[in-house]
Amino acid sequence: MDKKDEALVRVLERKSGLSNRSLSKMVGLPISTVHRRVKKMEREGIIKGYTTITDPDRLEYYPLCLRISAEPGTDLSKIGQRIAENDSVNVVLRVSGECELLALAMCGSRDAALKLLDEINDVSGIQKAESHVVLEAIKLGGIKIK
């Protein structure tokens, strides 16, 4: 990646729905160059996809932050993959420290959050799953929502 690709990625991270024409104007490159570079970054897996950032308060979601610890000798990546399969889970990160995995889920209700916790606690190899209710979402997916 060069500086031109980095500029394209920075803009797309903030506004993923922009047309090539708009991107072209924002980064000062010809439309054909923007199209070619974006397609190349998609093929190479630099750009994994495009998304919409929503405000959980406006959608009345019940967001949870989860800290997950595994039993010794457990494959953390497999546990993370299993947790990521749940549609309510938006983010799964393998981290260092007291817990080994962090997850962010946007549940439709308190009952859905409780069900998610039960499902996660049933995953083989999990020693402890600690949940924290998100009181206020200020920035999600690189976008300030408050």
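Other residues within the sphere of radius under 13 Å centred on the Cβ of ASP75, judged by their own Cβ, net out at +1 (K and R +1, D and E -1).
Show that you can apply the helix-only estimate: for the chain, add -39,500 (n - 2.57) for every DSSP H stretch of four or more residues, divide by all residues, and state [θ] at 222 nm to the nearest 500.
Details: 5 runs with 54 residues, N = 146.
Calculated from helices alone, the mean residue ellipticity at 222 nm is -11000 deg cm²/dmol.
Measuring nothing but how far apart in sequence close Cα pairs (under 8 Å, 6+ apart) lie, relative to its length, the chain scores a relative contact order of 24 percent. Projecting label points 7 angstrom from Cα along Cα→Cβ for SER77 and ASN121 puts them 3.0 nm apart. Please report, to one decimal in angstroms, the Kirkwood hydrodynamic radius of the chain built from all distinct Cα-Cα pairs. The Cα-based Kirkwood calculation yields 17.4 Å.
Once the chain from GLU13 to GLU130 is taken as fully extended at 0.36 nm per residue, the excess over their C-alpha distance is 39.1 nm. A dipole drawn for the chain from +1 and -1 charges on Cβ atoms has a positive end, and of LEU8, GLY45, ALA113 the residue lying farthest that way is LEU8.
What does the net charge come to around ASN86 if you take all other residues with beta carbon closer than 13 Å to its beta carbon, with K and R at +1 and D and E at -1? Mind dumping the intermediate values first?
On the way: positive: ARG82, LYS115; negative: GLU85, ASP87, ASP118, GLU119, ASP122.
Taking every Cβ under 13 Å from that of ASN86, the sum is -3.
When the chain is fully extended, how far beyond the present Cα-Cα distance does GLU6 get from GLU60, taking 0.36 nm per residue of separation?
Residue separation times 0.36 nm, minus the Cα-Cα distance, leaves 15.9 nm.
Reducing region 76-112 and region 126-142 to their Cα centroids gives an inter-centroid distance of 9 Å.
Subtract the Cα-Cα distance of LYS48 and VAL91 from 0.36 nm times their separation in residues, and report this length gain in nm to one decimal.
Values: separation 43, 0.36 × 43 = 15.48 nm, distance 1.40 nm.
In short, 14.1 nm is gained.
Taken about its Cα centre, the chain carries a charge dipole of about 1220 debye when Lys and Arg each add +1 at the Cβ and Asp and Glu each add -1 at the Cβ.
Bear in mind that the values in this text are calculations on the coordinates, not laboratory data. Keep in mind that what you see is a predicted model, and the values were worked out from it rather than measured. Note: ideal-geometry Cβ built from the backbone for every residue, glycine included; neighbour counts use all protein chains shown.
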